[in-house]
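Step one of this worksheet: look at the structure below.
The values are calculated or read from the model by the stated rules, or taken from the named source; none is laboratory data. All figures in this text were calculated on a predicted structure; none of them were measured in a lab. Don't worry about glycine lacking a Cβ; one is built from the backbone with ideal geometry, like all the others, and counts go over all protein chains shown.
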Amino acid sequence: MKTILKVSKYFLIVLICAICLIPFYILIILSLNTPQRIFYEGNMFVPDFFLRNYVDAWNKSHIGTAIINSAVITIVALVIILVFGAMAAYTIARFNYKFNQLVFWLFMSCMMIPGIINTVPLYTLMIKLNAINTLWGMGLVCATIAMPSAVFIFTGFVKSLPREIEEAAIIDGCSWFTAFWKITFPLLKPSVAAVIILNGFGIWNNYAQAVFFLQDSKKHNIPQALSVYFQQFAGAHWNLMAATAVIAVIPVIIAFLMFQKNLMKGLTDGALKG
Amino acid sequence: MDAPASFLKGVLGMIKTKKIGLHTFMAVPAFLLFALFFIYPLIQGIGMSLTDWDGLGRSNFIGLQNFFDFFKDERAITDIKNTLLFALGSAPLLNIIGLIYALLMNGKFKGKGIARVIIYLPAVISPLIMGYIWYLLLQPERGFVFHALELIGKSSWLGNWLGDYTACMVVLVLVNVWQYAGMTMVIYLAGLQSIPEELYESAKIDGASYWSSFRYVTLPMLMPSIRINVVTNIIGSLAVFDIVMALTDGGPGYSTETLSIYIMRMCYGSKTGYSTAVALIMFFIILIPVIISMRLTREKE
């Protein structure tokens, strides 16, 4: 009985994993087939290795520029979130000032508000700031949207660290401010991974805001570039669509595999203790 | 007139003489950024929603006219219905499937790490790209899913789903659940791992079955994770944008359009004032279920 249960559990897990992976598999095969070939005809496991798709996809779509744009936006946003967010979380977790309480309350209540709610008035502000079609502007917007959840995760994590670690440094002549940079900030590493995974991919993949703020084709991020490209080709060139999607997805998968080990630790240590 | 300047000078002086530490102001940069790019537009939006502004010219105050117009617009009512239906399908499914995944993955077994990574993987991919991938797989006649259903003689299940409202909504919900079940799972896993083993042991000593220990130990201890998942899934589902854009583009016609797409299209259609009014309505549509679910999960904790 116990082995039957165990085997069926394994079977279920393998099935779930297969359901998660099959679309990726089909995507890769599609991207390697010649335009004439219909995916499920003939051998589904051996593609044509028609690499022209990738060359064409790279040349015809602006995916190369888009990857660089997405990378710049994501780095700008993540640096702001990690530095400002961790700083705010530190003082919120350690000092019970009225201002800190207000900021935390503000972040927690605004966490419930999706970005789309204020995108239209934000659009007019961005025009005034000359920030439309700029990567730094988009980075700032993305950082703002992700800030509440980052502060939430960091605050929970800082609270789980003993206050004594900073107090020891302060006895040695540090101020609370320098103690943060020297002692606390380096200890935040697991929650940094959680913040990057929970927010970084959302920023990299942002579409709802990019539609408004990145209209110039030279400034398109990945989803914007893909949607423009796919709308021109939809239905006609599946292999090119698939090849572009593969190119767009590879950096994300590499980054995810790099950070996934720290995710669980970051979440269990910090996120749920707010 | 110089009050803010002299206040600032005073503060700077106190920092220099170390009467106030810099740590007092560490929340200021995050606050300023948030105030400028989030709070200010949010408040400005309330004012804009009362005008007929087209985004360029001058705007006239028209009171609550935009809100009346919204509820008179059939397309807008359809969009509310779609948004709510999508959330009603997607948020509960995500939670149930995510919890089942987490319970399956919580034990010790070989390959646990890889399985978790695989299940989480779809969640890191752009929902827009995911939507396009599924669009290819689900194409009538040529898509892989159509072909697979044909093999078992059930191709009518899919049919020409793009032309059928119910089929479109089901596909949208299922693709969304497929993509984000892993994210819900990870939060539940974190919750499960914070439950002390002793609680299960004492339940076992008391002769509790698997189900009763699930009911009386796991579920109550899991409340913080349940709250996070329920709230984020409600918000995420009600604000759905990318997947709908990629899979149906709001079609056929405007029949599967959601509120966030409506806001974007109204803004592009130079109805700036009106689209901020829609955004405010959407804000309340999200707020109500979020507050209710927060209340419900807090009481049971």
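Name the residues in the range B:1-20 that are among the hydrophobic types (A, V, I, L, M, F, W, C), over 22 Å from A:S175 (Cβ atoms) and modelled with pLDDT of 70 or more, would you?
B:A3, B:A5, B:F7
Can you find even one residue in the range A:139-149 that is touching a helix residue (DSSP H, G or I) at 6+ places or on another chain (Cβ under 9 Å) and at pLDDT below 90?
yes
One line per residue, one yes/no per condition, for (1) at pLDDT 85 or above; (2) away from chain A (no Cβ under 11 Å):
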| site | (1), (2) |
| --- | --- |
| B:L56 | no, no |
| B:L64 | no, yes |
| B:F67 | yes, yes |
| B:F71 | yes, yes |
| B:L84 | yes, yes |
| B:L93 | yes, yes |
| B:G107 | no, no |
| B:K110 | no, no |
| B:V117 | yes, no |
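Can you confirm whether the range A:168-183 contains a residue that is among the acidic types (D, E) and either farther than 26 Å from A:V55 by Cβ or without any contact (Cβ under 8 Å) to a residue 60 or more places away in the chain (or both)?
Among the residues of the range A:168-183, at least one is among the acidic types (D, E) and either farther than 26 Å from A:V55 by Cβ or without any contact (Cβ under 8 Å) to a residue 60 or more places away in the chain (or both), which makes the answer yes.
Can you find even one residue in the range B:157-174 that is within 12 Å of another protein chain (Cβ to nearest Cβ) and of a type outside the set (A, V, I, L, M)?
Within the range B:157-174, none of the residues are within 12 Å of another protein chain (Cβ to nearest Cβ) and of a type outside the set (A, V, I, L, M).
Show me the helices (runs of 4 or more DSSP H) found entirely inside the range A:101-210 where at least 2 residues are more than 22 Å from the chain's Cα centre (by Cα) and hydroxyl-bearing (S, T, Y).
Because the criterion is at least 2 residues that are more than 22 Å from the chain's Cα centre (by Cα) and hydroxyl-bearing (S, T, Y), the helices (runs of 4 or more DSSP H) in the range A:101-210 that meet it are A:119-128.
Out of all the residues in the range B:261-285, which are in contact (Cβ under 8 Å) with a residue 40 or more places away in the chain and facing another protein chain (nearest Cβ under 7 Å)?
Residues satisfying the conditions are B:C267, B:T272, B:T276, B:A279, B:M282.
Please go through the range A:81-100 and give me each residue that is more than 7 Å from every other protein chain (Cβ to nearest Cβ) and in a helix (DSSP H, G or I), ordered by number.
Within the range A:81-100, A:I81, A:L82, A:V83, A:A86, A:A89, A:A93, A:R94, A:K98 meet the criteria.
Do we have any residue at all in the range A:94-102 that's in contact with a Pro (Cβ under 7 Å, 6 or more places away or on another chain), assigned by TED's automatic domain parsing to the domain that holds A:A242 and farther than 24 Å from A:Q209 by Cα?
Checking the range A:94-102: not a single residue is in contact with a Pro (Cβ under 7 Å, 6 or more places away or on another chain), assigned by TED's automatic domain parsing to the domain that holds A:A242 and farther than 24 Å from A:Q209 by Cα.
Output the number of residues of the range B:267-279 satisfying the condition of being farther than 10 Å from A:I116 by Cβ and within 17 Å of the chain's Cα centre (by Cα).
Residues meeting the conditions: 0.
Looking at B:I228 and the list (1) part of a loop (DSSP other than H, G, I, E, B); (2) free of Cβ contacts under 8 Å to residues at least 60 places away in the same chain, which single condition is not satisfied?
(1)
Tell me yes or no: at least one residue of the range A:181-192 is in the same structural domain as A:V72 (by TED's automatic domain parsing) and under 21 Å from A:V72 (Cα atoms).
yes
Cβ contacts < 6 Å: first residue at the interface with another protein chain (Cβ under 10 Å from one of its Cβ atoms), restricted to the range B:234-250; second residue outside any helix (DSSP H, G or I), any location; separation 6+ or different chain. Result?
Between residues of the range B:234-250 that are at the interface with another protein chain (Cβ under 10 Å from one of its Cβ atoms) and residues that are outside any helix (DSSP H, G or I), the close pairs are B:I235/A:P114; B:A239/A:P114; B:V240/B:T258; B:F241/A:A208; B:D242/A:Y207.
Can you tell me which of B:M282, B:M264 is more than 15 Å from the chain's Cα centre (by Cα) and either closer than 25 Å to B:Q179 by Cβ or assigned by TED's automatic domain parsing to the domain that holds B:L174 (or both)?
From the options B:M282, B:M264, the qualifying one is B:M264.
Going by the structure shown, is B:V244 modelled with pLDDT of 85 or more, assigned to a loop (DSSP other than H, G, I, E, B) and under 18 Å from the mean Cα position of the chain (by Cα)?
When the stated conditions are applied, B:V244 does not pass them.
Filter the range A:85-103 down to the residues that are over 18 Å from A:A146 (Cβ atoms) and not aromatic (F, W, Y), then identify the one that is surrounded by the most Cβ atoms within 10 Å (Cβ to Cβ).
Top of the filtered list is A:T91.
For the range A:194-204, how many residues are modelled with pLDDT of 90 or more and closer than 25 Å to B:L136 by Cβ?
The total comes to 1.
Among the residues of the range B:108-141, what is the count of those that are surrounded by 22 or more Cβ atoms within 10 Å (Cβ to Cβ) and either of a type in the set (V, I, T) or outside the structural domain of B:K154 (by TED's automatic domain parsing) (or both)?
Qualifying residue count, the range B:108-141: 5.
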